Amino acid sequence: MPSNIFPKNKKRILTGDRPTGPLHLGHYVGSLKNRVQLQNDYDCFFIIADYQVLTDHLTQTHKINENIRQLVLDYLSVGIDPQKSAIFVQSLVPQIAELTMYFSMMVSLSSVQRNPTVKEEIKAAKIGKKEVSYGFVGYPISQAADILAVRAHLVPVGEDNLPHVEQTREIARAFNRLFGEVFPVPEALLGAFPRLPGIDGQKMSKSRHNAIYLSDTPEVVAKKVMAAYTDPTRIHATDPGHLEGNVVFAYLDAFCSDVNELNELKSKYKKGKIGDVAVKKRLIEIINSFLAPIREKRKELENKPNLIKNVLEEGIEKTKKEAQITLQSVREAMHFNYRF
């Protein structure tokens, strides 16, 4: 077995996103912020999971190419450094697909169906009278292959993906028990705000059109914030307000860096001394101030025509090399290293 399976240097991170549209503030507080902070201390692999688009956007494959481009711009504009991290496209690292096949033989159907996120999504599909594909039910196994292909130790994720990381941990332990120590057992890392609500108070989602995107203009941000859900029991600005379930204050908690100002806004709101409009206007200023350097960086990057191509080519090559080391070890451990 290769001696560099557990290199004595930095530990590794694997996380990423599906190329189904632009990234939003929920992505930032849930994972992107952690990625930027951790890339100095870990070897980071950021996956653009295009295979997973097929689970529920099978007829939208013509959009994937442009979505990948926009996703890379989102990554770079928030501070992910391609000199420190590998950004790669899932389907262009073929070792991941082979690893998925091996892992799929080690996980029972009932185990996958017990995954809380999968159960919820299957239930939603049935309500919508949609057929659930074999690949849809098994995509947590594919995610395990993504993570373990580069032998990651840490997986920054949002709250919804915690069951998938646990599935990966089970697979790593099972493989090591059956065939010998090949994989680290990765840990999940949640952001400080693991779940930021959509502006309507529901789960934030691209499909619900209830998100504020990293690429939104100041005008779009203002329009969305002014429509945000607050306290439905509050009729007048002088009525005492409630913070629980109030989207505007959820966003202030995430993006207002001035603790004293935040506490004062909360106190005034609860006492009926400030109206929803005034609080929303302050939130607009805070979010636009946060997004301003990201917008500026994105504009700069868009003027570099070969940048995305070069970033992806380098990231894919680096990931392929690591995945091939993993696959060689897996094949040897499983006695699949045939010599005729």
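The values are calculated or read from the model by the stated rules, or taken from the named source; none is laboratory data. Only a predicted model underlies this, so the values are computations on that prediction, with no experimental measurement involved. Don't worry about glycine lacking a Cβ; one is built from the backbone with ideal geometry, like all the others, and counts go over all protein chains shown.
Hey, any hits in the stretch 298-308 for a residue that's surrounded by 13 or more Cβ atoms within 10 Å (Cβ to Cβ), free of Cβ contacts under 8 Å to residues at least 40 places away in the same chain and acidic (D, E)? The answer is no, given that none of the residues of the stretch 298-308 is surrounded by 13 or more Cβ atoms within 10 Å (Cβ to Cβ), free of Cβ contacts under 8 Å to residues at least 40 places away in the same chain and acidic (D, E).
Taken over the stretch 244-266, the criterion of being at negative phi, surrounded by 13 or more Cβ atoms within 10 Å (Cβ to Cβ), within 27 Å of the chain's Cα centre (by Cα) and not aromatic (F, W, Y) is satisfied by N246, V247, V248, A250, L252, D253, A254, C256. Of all residues in the stretch 113-155, those satisfying the criterion of being buried (at least 17 other Cβ atoms within 10 Å of the Cβ) and modelled with pLDDT under 85 are N115, V118, E121. Taken over the stretch 99-152, the criterion of being of a type in the set (G, A, S), in a helix (DSSP H, G or I) and closer than 26 Å to V185 by Cα is satisfied by S104, S110, S111, G135, S142, A144, A145, A149. For the structure I just gave you, tell me whether T230 is surrounded by 16 or more Cβ atoms within 10 Å (Cβ to Cβ) and in a loop (DSSP other than H, G, I, E, B). Considered against the rule, which asks whether it is surrounded by 16 or more Cβ atoms within 10 Å (Cβ to Cβ) and in a loop (DSSP other than H, G, I, E, B), T230 comes out as yes.
Cβ separations smaller than 9 Å between residues 6+ apart or across chains give the following pairs from the stretch 226-240 residues that are in the same structural domain as K271 (by TED's automatic domain parsing) to residues that are of a type in the set (K, R) and in a loop (DSSP other than H, G, I, E, B): A237/K273; T238/K273; P240/R234. Filtered by the rule that a residue be closer than 25 Å to I122 by Cα, surrounded by fewer than 22 Cβ atoms within 10 Å (Cβ to Cβ) and among the polar types (S, T, N, Q), the stretch 22-69 gives T55, T59, Q60, T61. Residues in the stretch 203-227 that are of a type in the set (V, I, T) and surrounded by fewer than 16 Cβ atoms within 10 Å (Cβ to Cβ) were compared, and the one that is farthest from N67 (Cα to Cα) is V220. Residues that are among the aliphatic types (A, V, I, L, M), closer than 29 Å to K203 by Cβ and touching a Ser or Thr at 6+ places or on another chain (Cβ under 8 Å) are absent from the stretch 256-274.
I'd like the residue in the stretch 70-106 that is of a type in the set (F, W, Y) and more than 14 Å from R18 (Cα to Cα) and, out of all such residues, is surrounded by the fewest Cβ atoms within 10 Å (Cβ to Cβ). Can you show your working first?
Initially, the stretch 70-106 is screened for residues of a type in the set (F, W, Y), giving 75, 88, 102-103.
From what's left, more than 14 Å from R18 (Cα to Cα): 102-103.
Values: Y102: 18, F103: 24.
By that ranking, first place goes to Y102.
Checked against (1) in the same structural domain as Y75 (by TED's automatic domain parsing); (2) over 16 Å from D74 (Cα atoms), L312 passes all but a single condition, namely (2). Picking from residues in the stretch 162-202 that are of a type in the set (A, V, I, L, M, F, W, C) and assigned to a helix (DSSP H, G or I), the one that is surrounded by the fewest Cβ atoms within 10 Å (Cβ to Cβ) is L178.
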